[in-house]
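Please read the structure below before turning to the comments.
The values are calculated or read from the model by the stated rules, or taken from the named source; none is laboratory data. What you are looking at is a predicted structure, and each value in this text was computed from that prediction instead of being measured. Cβ placement follows ideal geometry from the backbone for every residue including glycine, while neighbour counts extend to all protein chains displayed. In case anyone asks, the SASA skips ligands and DNA or RNA and just uses the protein heavy atoms, side chains included. Shrake-Rupley method; radii C 1.70, N 1.55, O 1.52, S 1.80 Å.
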Amino acid sequence: MNMDDLFVFPPPVPCGTSDAMSDSSKNTDTPGIAPGIAFADRVTRIAPSPTVAISSLALDLQAAGRDVIGLAVGEPDFDTPPHVKEAAIRAIHDGHTKYTQVDGIPALKEAVAEKFRRENGMDVSAANISVGTGGKQVLFNALMATVQAGDEVIIPAPYWVSFAGITEVAGGTPVFLASGFDEGLKLTPERLEAAITARSRWVIINSPSNPTGMGYSPDEIRAFADVIRRHPRLMVISDDLYEHLTFDGFTFSTIAGIAPDLADRVLTLNGVSKSYCMTGWRIGYAAAPVPLVKAMAKLQSQSTSSPGSIAQYAAVAALNGPTDFIAENNAAFARRRTLVIDALNAMEGVSCPAPDGAFYAFADISGLIGKVRPDGKPIESDSDFAAALLELAEVAIVPGVAFGLSPAIRLSFAASDEVLKLALRRIAEVVTSLR
Ligand code: PLP
């Protein structure tokens, strides 16, 4: 993929209609593969994850000797805690190197159930737990197990790219509800209620959010619960991956804990990637009604089978072990958040609200649209600005269009203070150079 292709984001393709489902006849020959070989509709109708694509390009440029600062990636820069690594090494020496139960070893399911009871006040047992190869696979299983062609999945925007991509793979129709900067980047219960139709299957609540870092208060979650209660066929995914990464005393809450009467139609998604600095270990999990857990296991049994055995033992140690490092990491993230927000807000034409959690700054760049680069190229969109930052400042960020809200940028502050200061200096130089 080259730089020009990278910042072109096609609008999400509506799918789930009979037209969208019978498209393979329209496939044309593809260079590099034998003539007449057609790809399945489920691949041709989706776009690759833009965040992964931009991060990969930044890595390629770095490997080619360019001094690119990658702030597009969504992972903590801290190392996995030592006690977790030791548990993994112990698992290897103890011979835990074989296939395991498809959706998680009993010790991990028990540790996850205990986490949900202890931290979220949820009434769950190991039978409610599904473990997969990252939260992404668990989400994939849930949507693939439940979404039929024509079903709608309500996705508040700005949204994490995979909510849309996986819905489309499953043949469903993403229904985006965008909230702008003037609305605090947050959905209201009234707008949710207005979007629910007879075809609505799921609504996805992600708090704190990737990409905005905005979080819903317990009262706001309660208000969503009131709406959802009135629509008994609607199910809820609560994506809580950033639960532990919060600032300024933000109170995290999750709908299955706050509204236990809804638990038989809630899937609470979480994992060790972000809180425990374990993105590469690929362990995610969910609590869900038992029949859904079983359907997801059936799908997983026909795809990856169990997650890696060693990573599962490491995840048990993470969930049952000490968590003081989380507060230490958060103190660093809080310091960087201030550094980044202050620097962005000091740039003319840029304004950035302070996130409640996660490690992303999501900035409004509407004041830059219509300006022109020193080389004469216009900034007509956030993609143009992202391209300018990569070309002129060698800083990789993600344009808001990838997350369903423009013109904006998402910048990850999971990088050292020094790297962030350098990146922000370079961004400021580009902004100042625009006319
Ligand atoms: N949910 C959100 C909002 C995310 O940002 C991510 C990763 O970026 C995930 C889920 C999935 O994380 P993983 O597959 O590493 O568990």
- Item | Between the range 30-86 and the range 194-240, the Cα center-to-center distance that results, in Å | 29
- Item | Stretch gain in nm, segment His96-Thr304, where the contour uses 0.36 nm per residue and the Cα spacing is subtracted | 73.1 nm
- Message: Can you sort Asp226, Asp219 by solvent-accessible area, 1.4 Å probe, largest first?
- Response: Asp219, Asp226
- Message: Restricting to DSSP H runs of at least four residues, report the calculated mean residue ellipticity at 222 nm for the chain, -39500 (n - 2.57) per run over all residues, nearest 500 deg cm²/dmol.
- Response: -11500 deg cm²/dmol
- Hey, with R₀ at 22 Å, roughly what FRET efficiency would Asp219 and Arg118 work out to, going by the Cβ-Cβ distance, to 0.05? 0.45
- Simple spin-label estimate for Ala331 and Ser366 in nanometres, 7 Å along Cα-Cβ: 3.9
- Item | DSSP-defined antiparallel bridges as percent of all bridges, the chain, nearest 5 | 45
- Item | Rounded FRET efficiency, nearest 0.05, which uses the C-beta distance separating Asp375 from Val43 and R0 of 41 Å | 0.65
- Accessible surface of the chain [probe 1.4 Å, protein heavy atoms]: carbon and sulfur percent: 56
- Task: Determine ³J(HN,Hα), in whole Hz, for all residues of the range 172-178 in sequence, where each value follows from phi through the Karplus function 6.51 cos²θ - 1.76 cosθ + 1.60 and θ = phi - 60°; x replaces Gly and Pro.
- Result: x, 10, x, 10, 8, 10, 7
- Query: With each label point set 7 Å from Cα along the Cα-Cβ vector, what nm distance links Glu348 and Val419?
  - Reply: 3.1
- Normalise the Cα radius of gyration of the range 34-182 by 2.2 N^0.38 Å (N = residues in it) and let me know the number. 1.36
- Under 1.5 on a/c is rounded, so check that first for the chain, then, if it is not, pick prolate when a/b is larger than b/c and oblate when it is not; a ≥ b ≥ c are the square roots of the alpha carbon gyration tensor eigenvalues. rounded
- Query: So how exposed is Val175, as accessible area in Å² (1.4 Å probe, rounded to 10)?
  - Reply: 40
- Solvent-accessible surface (1.4 angstrom probe) belonging to Ser125, in square angstrom, nearest 10: 50
- Dipole check, the chain, charges on Cβ (K,R +1; D,E -1), about Cα centroid: among Ala34, Ser55, Ser238 the Cα furthest to the positive pole belongs to Ala34
- Query: Leaving out ligands, DNA and RNA but keeping every protein chain, what accessible area does Leu405 have, in Å² rounded to the nearest 10, with a 1.4 Å probe?
  - Reply: 20
- Listed residue pairs exceeding 23 Å between alpha carbons, taken from Lys274/Lys294; Lys109/Lys274; Lys136/Lys298; Lys98/Lys274: Lys274/Lys294; Lys98/Lys274
- Item | Summed side-chain charge close to Ile92 - residues other than Ile92 whose Cβ falls under 13 Å, Lys, Arg +1, Asp, Glu -1 | +1
- Take the alpha-carbon centre of the range 134-150, take the same for the range 352-411, and report the distance between them in whole Å. 31
- Message: Straight-line reach only, C-alpha to C-alpha below 20 angstrom: list the aspartates and glutamates that Lys377 could link to, leaving out same-chain residues fewer than 8 apart.
- Response: Asp4, Asp5, Glu348, Glu391, Glu394, Glu429
- Message: I want to check the label-to-label distance for Ile33 and Thr197. Put each point 7 Å from Cα in the C-beta direction and report it in nm to one decimal.
- Response: 3.2
- Note on the structure: Given backbone amide H placed at 1.01 Å from N, residues whose amide H is under 5 Å from that of Ser200, ignoring those fewer than 5 places away on the same chain, are Glu152
- Kyte-Doolittle mean at least -0.5 and Cα axial length at least 15 Å: DSSP H helices in the chain: 50-63, 82-93, 135-146, 218-229, 290-301, 309-320, 324-345, 417-433
- Cα-based convex hull, the range 99-320, per residue volume (Å³, whole number): 111
- Is the range 144-239 rounded, prolate or oblate when judged by the Cα gyration tensor, a ≥ b ≥ c being the square roots of its eigenvalues, rounded requiring a/c under 1.5 and prolate requiring a/b larger than b/c? oblate
- Item | Neighbour net charge for Pro81 - beta-carbon separation under 13 angstrom, K R +1, D E -1 | -3
- Message: Using the Cα centre of the chain as the reference point, and only Cβ charges (+1 on K/R, -1 on D/E), how large is the resulting charge dipole? Debye, rounded to the nearest 20.
- Response: 800
